[in-house]
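Read through the structure below, which is laid out as structure tokens, and then see the notes.
FYI, it's all coordinate maths here, none of it is from the lab. Fair warning: this is a prediction, and the values are worked out from it, not measured in the lab. For neighbour counting, all protein chains shown are included, and Cβ atoms are generated from backbone atoms with ideal geometry for every residue, glycine included.
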Amino acid sequence: MTISFQPTEHINAPIVALHSSASSSGQWTQLEEDFNGKFSVIAFDLPGYGRAPLTGDLSQNGAAVSAAAVIREIEKIGCAVHLVGHSNGGGVAIKVALMRPDLVKSLTVYEPAAFHFLQHGNRTGQRLFQQIQFVSGLVTAAAAEGDAAAGMARFLDFWNGEGFWSNLPTSAKQRFAGMISSVMTDFANGIAETWDLKDLSELDVPTLVMTGMESPEITQHVSAVIAKALPKSRFALLPELGHMAPIFQPEWVNSRILEHLNSVERPIVTCGWPGLVAA
């Protein structure tokens, strides 16, 4: 018996990558290098970061303030894309997929900053929502007092661990302090979001949700709940990684992204052996 296979030319859909708060499109440089020759990576600056203005689309509310701009850029690409997002970028990516699922071939999120639905959840969810509100309040209060550095110290230590800020060089502290308005806007837009878990249950997009085992409880919880709600999701719990793993340990995260995208571009085909025919 001979099994013949005729390969066909296949062009992968491009990746659109959305960065975290207090970052920029530059955080995906390693992803671009790792995927060179496999996938085209297009990284956008979200409102308030890199070269993008802070305002976003003021005709929108919640995460759509950023998502609307991303949608316009994807429309220019002219095809559905593999959408990848980290933290705030993950929350924006989910909103893009909900608003325009026709533009999203697959979705990959690492600890999406989507906390709004927790306030309507169980006791654990409500406790965690109060926690993120507290962090947001600390940042806002520090900014109001004219101490952006103190606000960003609270923000970065929450996500990276106590002492992260104190170990940064002065130049980095100054750069992060200059981002406090953008971070406050991210918090405000995220908390103002309105989608619920039922909306996620209707999202027919292959999705990979990742979280690190060393990450804050809130991001582990949110990631697990979102993964459970999505009908076509896989959930990856990654040991020894924290919230900023896509930046500090990209080799572990990018390999997972590649496996997911390949599974979407070239799904496994189930086939059976030809039936035996008596001579």
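Counting Lys +1, Arg +1, Asp -1, Glu -1, what net charge surrounds residue 139 among other residues with beta carbon under 12 Å of its beta carbon? Walk me through the intermediate numbers first.
Numbers: positive: 154; negative: 145, 147, 157, 186.
Summing Lys and Arg as +1 and Asp and Glu as -1 gives -3.
Extension gain, residue 171 to residue 259: 0.36 nm times the residue separation minus the Cα-Cα distance gives 28.0 nm. Each Lys and Arg Cβ is given +1 and each Asp and Glu Cβ -1; about its Cα centre, the chain then shows a dipole of about 300 debye.
Shape class of the stretch 60-117 from the alpha-carbon gyration tensor: oblate, with a/c at 1.5 or above and b/c at least as large as a/b. Contact order normalised by length for the stretch 61-169, with contacts defined as Cα pairs under 8 Å and 6 or more residues apart; what percent is it? Over the stretch 61-169, the number comes to 17 percent.
Can you classify the stretch 15-265 as rounded, prolate or oblate using the Cα gyration tensor, where a ≥ b ≥ c are the square roots of its eigenvalues, rounded means a/c under 1.5, and otherwise it's prolate if a/b beats b/c and oblate if not? Could you put the intermediate results ahead of the total?
Details: a/c = 1.38, a/b = 1.28, b/c = 1.08.
Judged from the Cα gyration tensor, the stretch 15-265 comes out rounded (a/c under 1.5).
Entry note, the chain: relative contact order of 18 percent, from Cα contacts under 8 Å with a spacing of 6+ residues.
How would the stretch 152-198 be classified by its alpha-carbon gyration tensor: rounded, prolate or oblate, with rounded meaning a/c under 1.5 and the a/b versus b/c comparison settling the rest?
Oblate, since a/c reaches 1.5 and b/c is not below a/b.
What is the sum of charges around residue 69, taking Lys and Arg as +1, Asp and Glu as -1, for the other residues whose C-beta is under 12 Å from the C-beta of residue 69? Walk me through the numbers on the way to the answer.
On the way: positive: 72, 76, 95; negative: 45, 57, 73, 75.
Local net charge: -1.
Working note: 222 nm ellipticity from helices only, DSSP H runs with n ≥ 4, each -39,500 (n - 2.57), summed and divided by the residues of the chain, gives -13500 deg cm²/dmol to the nearest 500.
With respect to the cross-link table entries 38/198; 105/228; 173/228; 38/76; 173/198, which display a Cα-Cα separation exceeding 31 Å?
On the way: 38/198 35 Å; 105/228 20 Å; 173/228 38 Å; 38/76 21 Å; 173/198 41 Å.
Check vs 31 Å cut-off fails for 38/198; 173/228; 173/198.
May I ask for the net charge around residue 94, where only other residues with Cβ less than 10 Å from the Cβ of residue 94 are counted and Lys, Arg are +1 while Asp, Glu are -1? After counting each charged neighbour, the total is -1.
Here's the picture: charge each Lys and Arg Cβ at +1 and each Asp and Glu Cβ at -1 in the chain, and of 231, 181, 263 the one pushed furthest to the positive end of that dipole is 231. As a calculated quantity, the FRET efficiency between residue 133 and residue 164 at R0 = 22 Å, using C-beta atoms, amounts to about 0.55.
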